[in-house]
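The values are calculated or read from the model by the stated rules, or taken from the named source; none is laboratory data. Quick caveat, the model's predicted, so the values are computed rather than measured. As a convention, Cβ positions derive from the backbone with ideal geometry for all residues, glycine included, and neighbour counts pool all protein chains shown.
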2 protein chains.
Amino acid sequence: MSNFLPKSIRVLIEELSRLPGIGPKSAQRLAIYLLHQPETGLKPLGEAILKLKKDVVFCSTCWNIAESDPCKICNSYERNKNIICVVEEILDVVALEKTGEYKGVYHVLHGVLSPIDGLGPEQLKLGALFERVKGGNFLEVIIATNPSLEGEATALYIQKHLREYGVKVTRIARGIPIGGDIEYADEVTLSKAMQGRSEF
Amino acid sequence: MSNFLPKSIRVLIEELSRLPGIGPKSAQRLAIYLLHQPETGLKPLGEAILKLKKDVVFCSTCWNIAESDPCKICNSYERNKNIICVVEEILDVVALEKTGEYKGVYHVLHGVLSPIDGLGPEQLKLGALFERVKGGNFLEVIIATNPSLEGEATALYIQKHLREYGVKVTRIARGIPIGGDIEYADEVTLSKAMQGRSEF
């Protein structure tokens with residue numbers, strides 16, 4: 001980095017370029033953009049970053065992020081506490097909530113089984129899930145991990161473990177996405193789409 | 001934005017998605033990334049943003065950003081004070097400094113003439129440039145605005161104004177970039193490359 005730039009700009013560029021998906025050039029552009037903002041425009045962003053960890057807790061039931069424990073979803077009378085949807089990440093909850101389709105509760109694993117990244121069952125919230133299912137009276141556990149190699153392996157692992165509790169375990173449908181093209185779909189997606197076909 | 005997310009996360013996502021080139025999805029991903037960082041990882045970024053405006057001044061000679069006025073470049077004994085390079089933005093100075101080729105001083109316009117965006121000569125540091133050239137004894141003024149419509153118009157405007165001061169005014173070469181392909185170059189670039197040809 002050119003050393004004629006003021007130190008505070010250099011520090012900001014360095015910190016910004018640490019963020020995922022932001023390269024050195026984007027970090028420069030963002031820093032200069034922020035420099036041209038009025039003081040009042042910078043304060044909310046800076047303070048939001050500094051206060052982030054103080055105001056956020058994890059819900060000790062579903063392990064989603066929340067302002068208080070238990071979280072809004074676990075604490076809501078409008079949610080069906082007998083259905084549980086298992087997801088990899090917090091953002092998966094955000095995506096599913098946006099559909100407005102699902103009225104049950106969640107369980108966030110915070111990752112998937114991935115021995116190559118050193119992620120075993122202990123690093124995920126799997127133990128908490130099994131305890132939760134064992135202790136509760138759930139009608140269905142929907143496994144909504146990604147249809148990736150690790151996501152499928154994690155789904156299988158969960159399904160095998162939950163078998164003994166006699167709960168119904170389902171997996172989200174994998175198939176051709178809306179707007180997708182059968183011609184360009186890969187073989188695995190196509191066979192899953194065929195296997196998962198439903199009657200009109 | 002899903003309202004089950006903690007307020008501090010929602011504020012952060014909102015502030016991040018205001019930044020140029022960062023859409024709502026990237027803002028979400030960045031916010032969750034920051035959430036998973038330790039407190040010590042968030043502090044430098046948050047503080048760099050909050051302190052940004054306090055530690056940075058504009059050099060009243062060249063209008064580049066600096067820690068003190070005059071800036072390091074204007075204050076350096078190693079720079080040739082008789083050559084001045086006119087650029088649009090601070091980042092252009094960064095790019096030119098990286099080449100290590102240029103040893104003169106700069107003048108940052110902070111934009112280009114663009115009537116459609118309401119940018120006339122008064123909005124740019126053009127008056128300051130003309131005063132500076134009038135009052136100094138410069139041997140050459142290199143105009144390094146971008147080879148865009150507005151950049152070329154601004155270059156012409158500056159050249160016309162400086163004519164009366166009897167200073168040599170030059171324009172950076174426009175042509176085929178290194179690694180570029182003549183076959184795919186546009187007509188304007190090609191004619192500029194032909195016009196600007198030099199002897200071996």
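Values computed for the structure shown
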read-out	value
Of the criteria (1) within 7 Å of chain A (Cβ to nearest Cβ); (2) under 29 Å from A:Gly104 (Cβ atoms); (3) among the hydrophobic types (A, V, I, L, M, F, W, C), which one B:Leu52 fails	(2)
Yes/no for B:Thr154 being among the hydroxyl-bearing types (Ser, Thr, Tyr) and not in a loop (DSSP other than H, G, I, E, B)	yes
B:Lys25 vs. criteria assigned by TED's automatic domain parsing to the domain that holds B:Val141, among the basic types (Lys, Arg) and out of contact with any Leu (no Cβ under 6 Å at 6 or more places or on another chain)	no
Residues that are over 25 Å from the mean Cα position of the chain (by Cα) and within 7 Å of chain B (Cβ to nearest Cβ), drawn from region A:6-28	A:Pro6, A:Lys7, A:Ser8, A:Ile9, A:Val11, A:Leu12, A:Ser26, A:Gln28
Among the candidates A:Lys134, A:Lys103, residue that is part of a helix (DSSP H, G or I), among the basic types (Lys, Arg) and touching a residue at least 24 places away in the same chain (Cβ under 8 Å)	A:Lys134
Any hit, region B:84-91, residues being surrounded by fewer than 21 Cβ atoms within 10 Å (Cβ to Cβ), within 24 Å of B:Lys168 (Cβ to Cβ) and over 12 Å from the mean Cα position of the chain (by Cα)	no
Residue in region B:82-92 that is within 10 Å of chain A (Cβ to nearest Cβ) and either over 22 Å from A:Leu34 (Cα atoms) or in a helix (DSSP H, G or I) (or both) present	yes
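Quick grid of which residues meet (1) part of a helix (DSSP H, G or I); (2) farther than 20 Å from B:Leu34 by Cα; (3) touching a residue at least 40 places away in the same chain (Cβ under 8 Å):
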residue	(1), (2), (3)
A:Glu14	yes, no, no
A:Pro20	no, no, no
A:Gln28	yes, no, no
A:Leu34	yes, no, no
A:Leu42	yes, no, no
A:Glu47	yes, no, no
A:Glu78	no, yes, no
